[in-house]
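Here is the structure we will look at, set down as structure tokens.
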Amino acid sequence: MEFKKEITINKPIKAVWDILGNQFGDVYKWASGLNHSKAYSPPVIKGAPSNNRSCELPSGKIKEVIRKFDANNHILEYEVIEGFPFFVDSAINNWQLTSISSERTKVDMHLIVKTKGLVGSIMNPMMKMQLKKQIEHIPNDLKNYVETGKPSTNKLKEIEKFSNKVA
């Protein structure tokens, strides 16, 4: 299953890359669906802030590894390596930034999730619905955070809900 999202952010490409790429471990600050995230292990790819990150979702924890980090071409690609159900073969997310002007950046997000086996075939439609719902807000969350320095309304609702659960 594939999910593609495109959005324009009214900030220079450097500002967008700083949040998306250089602050890879802090994605929870702006992305809906994440309670917390943390970068760990030294970078394997030159220029990357780390090699991996762990993310706490309401449904559990996942770990991701950076597969591509190209600061010159503004490409970030990472793969979920732990935490998805056994019937998920792979989940790779690719982000690419393109400068439209000195103050505008196009953001392309492309997620590919592959399932395996009979259970994967059966669960594919349900998983597709769930993932579609989870990633629906993420590009807008990034846009809001880069443009305003604050989490989106959707992310703020999640923060409040999570805070109430913890308290």
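The values are calculated or read from the model by the stated rules, or taken from the named source; none is laboratory data. All figures in this text were calculated on a predicted structure; none of them were measured in a lab. Quick reminder, even Gly has a Cβ in these numbers, built from the backbone with ideal geometry, and neighbours come from all protein chains shown.
Observations on the structure shown:
- Output for the range 110-161, where each listed residue is on the phi > 0 side of the Ramachandran plot and in contact with a Phe, Trp or Tyr (Cβ under 7 Å, 6 or more places away or on another chain): G117
- Of the residues making up the range 20-29, those that are under 12 Å from H74 (Cβ atoms) and surrounded by fewer than 20 Cβ atoms within 10 Å (Cβ to Cβ) number 1.
- Hits in the range 114-167 (condition: among the aliphatic types (A, V, I, L, M), closer than 20 Å to I7 by Cα and either in contact with a His (Cβ under 8 Å, 6 or more places away or on another chain) or modelled with pLDDT of 90 or more (or both)): I138, L142, V146
- The range 13-35, subset part of a helix (DSSP H, G or I) and of a type in the set (A, V, I, L, M), residue nearest to I62 (Cα to Cα): V27
- The set of residues in the range 85-96 being within 15 Å of the chain's Cα centre (by Cα) and not small (G, A, S) consists of I92, N93, N94, W95, Q96.
- Of S101, S32, S54, S90, all but one fail to be out of contact with any strand residue (DSSP E or B) (no Cβ under 6 Å at 6 or more places or on another chain), surrounded by fewer than 18 Cβ atoms within 10 Å (Cβ to Cβ) and not aliphatic (A, V, I, L, M); the exception is S101.
- When residues of the range 35-49 are limited to those that are more than 22 Å from P151 (Cβ to Cβ) and of a type outside the set (D, E, K, R), the one surrounded by the most Cβ atoms within 10 Å (Cβ to Cβ): A48
- Pick from the range 128-150, criterion buried (at least 19 other Cβ atoms within 10 Å of the Cβ) and among the aliphatic types (A, V, I, L, M), ranking: farthest from T98 (Cα to Cα): I138
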